[in-house]
Structure formats: C-alpha cells, structure tokens
Amino acid sequence: MIAVIVPAHNEADTIARCLESVAVAAAHPRLWGEAVLVVVALDDCSDDTAGVCAGYGVAMVVINDRCVGAARAAAAEHALALGARWIASTDADTTVPSDWLWKQSSCSADAFCGVVDVVEWLDYPQAVQAEFFRREEAEDGHGHIHGANMGFSASAYRAAGGFAMLPTGEDVALVDALMGNDAVIARLAEPKVATSARRVSKAPHGFSSFLRALECEVIGAGTALTPVPMPSR
C-alpha cells in the first residue's frame, strides 16, 4: 500500500483541490491497482477542513500542536500502522500531477525529493516570479527539499527516526537523517507539484515566508524579512 500524508491547519478553502489531484494520481494505471491511503493530519483546525476531507473519504488524525513536523509525523505513523510500504508527502495548498505517485514510488531509491512550481502568483511582481524560477530551476540531482513534494519507503523512514517535531524545517531534518543512514535519495526534476503563493504562512519560515522574503530582496522593500534561501543540500 502507498500512503499520502497531508498536514492541514485551517485549509478548508484549499484542500479540496489537493485531494482531487491526489485521487487522480492514485488511479494512475502504472500503479496496477495498488491501494492508496490518504491521511490528513488536522492540526488545531477551527474551520471546516474536517468536513471537506470527510467528503473525500480520506483518513484523518487530529492533533492540536500547531506544528507541521508533528502533523506530518502523526499522519505518517497512522499510515505505517496500516501497512504502508511507501509514504508520499504533500501540502494542503498543493496539487500533484497524475504520475506523482507512480514515478516516486518506482524510483528505485529509499526516498524521493522533488521540486515545486507556482502557478497562481497573486500580486507578486514579475521580477519576483522570475527570480523564484531561476532559483528553483532544477535538473535531476538537484538539492531542493520540499515537504510538499517528497516520499520515502517505510523502512527508510523508520530507520531515520521519522519527522522531527519541528515547527518548520522538518522536511530538511528528515532528509539529513536519511543521508546520515546512507539512504539512496532520488532527487528528480519530475514529477513537479504546483503550490500556492499565498502570503499568510502556516509555518514559521515556510514557503510563504520564503516568497515574501524573496520579494523584499528583489524589489528592495526593506529588511522586514530576512531572505530565506531555498532549502537545499
């Protein structure tokens, strides 16, 4: 069985698109009918995220930590308990391509690290968009790490100790632990996921914070935010 884990804090407005895209990926013919379990970790939600998820028949775990590391860990543990052999991770404001699960679960590696795209830039200036694409441009073997586009075998995840209970950077910490165990990591330019350019961060120093800091850096808007480098190793 393959599992998909999604941390969510008040994502009622975005998670439907995510779950719809995951459902398409789960039906890819090259998975040969293998079961796909979707686990959403509802982290201190006060909106109708749970109600939206219920409409898609996904599994849900509830925590109240306001911590993305704890949310990913809780979802992963639920998936492992139900027998998942491979766990794919994404975010509630992200959509995945139809070949997302097939390509990463068949990458002949212990883990997969992919890249992200932004398709709706809202009010970000063109110069910010161009700089983002310059930094995120990647070929196979890239150094980017995104919790919105990664996956790993159950055995490699357990050996690495799982996601750390960190409010941000839990994805990088896991990859560091995997590398410390000499895990084979497929750093592939495809499949690529599409994430949002929203300005309200769900995690401190997360992707939204990175984009706002990049905007300050590019247009010289002051030093309200310290530029955050793209996660890489």
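The values are calculated or read from the model by the stated rules, or taken from the named source; none is laboratory data. Note that the coordinates shown come from a computational prediction; the quantities given were computed from them, not determined experimentally. Counting neighbours? That spans all protein chains shown, and the Cβs are built from the backbone with ideal geometry, glycine included.
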For this session: Could you please let me know if D47 is charged (D, E, K, R) and in contact with a helix residue (DSSP H, G or I) (Cβ under 7 Å, 6 or more places away or on another chain)?
Result: no
For this session: Give the stretch 155-186 a look and list any residue that's over 25 Å from T95 (Cβ atoms), touching a residue at least 40 places away in the same chain (Cβ under 8 Å) and in contact with a strand residue (DSSP E or B) (Cβ under 9 Å, 6 or more places away or on another chain), or say none.
Result: A156, L178, M179, A183, V184
For this session: Go through (1) surrounded by 20 or more Cβ atoms within 10 Å (Cβ to Cβ); (2) at pLDDT 95 or above and name the single condition F132 misses.
Result: (2)
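Kindly evaluate A148 against the criterion of being surrounded by fewer than 22 Cβ atoms within 10 Å (Cβ to Cβ), out of contact with any Phe, Trp or Tyr (no Cβ under 7 Å at 6 or more places or on another chain) and of a type in the set (G, A, S).
No: the conditions fail for A148.
Sort out for me the strands (runs of 3 or more DSSP E) sitting completely within the stretch 136-195 that have 3 or more residues that are of a type outside the set (S, T, N, Q) and closer than 26 Å to V118 by Cα.
Numbers: elements: 150-153, 185-187, 193-195.
Of the strands (runs of 3 or more DSSP E) lying wholly inside the stretch 136-195, those with at least 3 residues that are of a type outside the set (S, T, N, Q) and closer than 26 Å to V118 by Cα span 150-153, 185-187.
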Seminar exercise, completed: Counting only residues in the stretch 193-233 that are surrounded by fewer than 18 Cβ atoms within 10 Å (Cβ to Cβ) and under 22 Å from R17 (Cα atoms), the one modelled with the highest pLDDT is identified as R198
Exercise. In the stretch 21-57, how many are in contact (Cβ under 8 Å) with a residue 40 or more places away in the chain, touching a strand residue (DSSP E or B) at 6+ places or on another chain (Cβ under 7 Å) and closer than 16 Å to S89 by Cβ?
Worked result: 7
For this session: Could you grab me the full set of residues in the stretch 111-128 that are surrounded by fewer than 17 Cβ atoms within 10 Å (Cβ to Cβ) and either of a type outside the set (G, A, S) or free of Cβ contacts under 8 Å to residues at least 12 places away in the same chain (or both)?
Result: D117, V119, E120, W121, L122, D123, P125, Q126
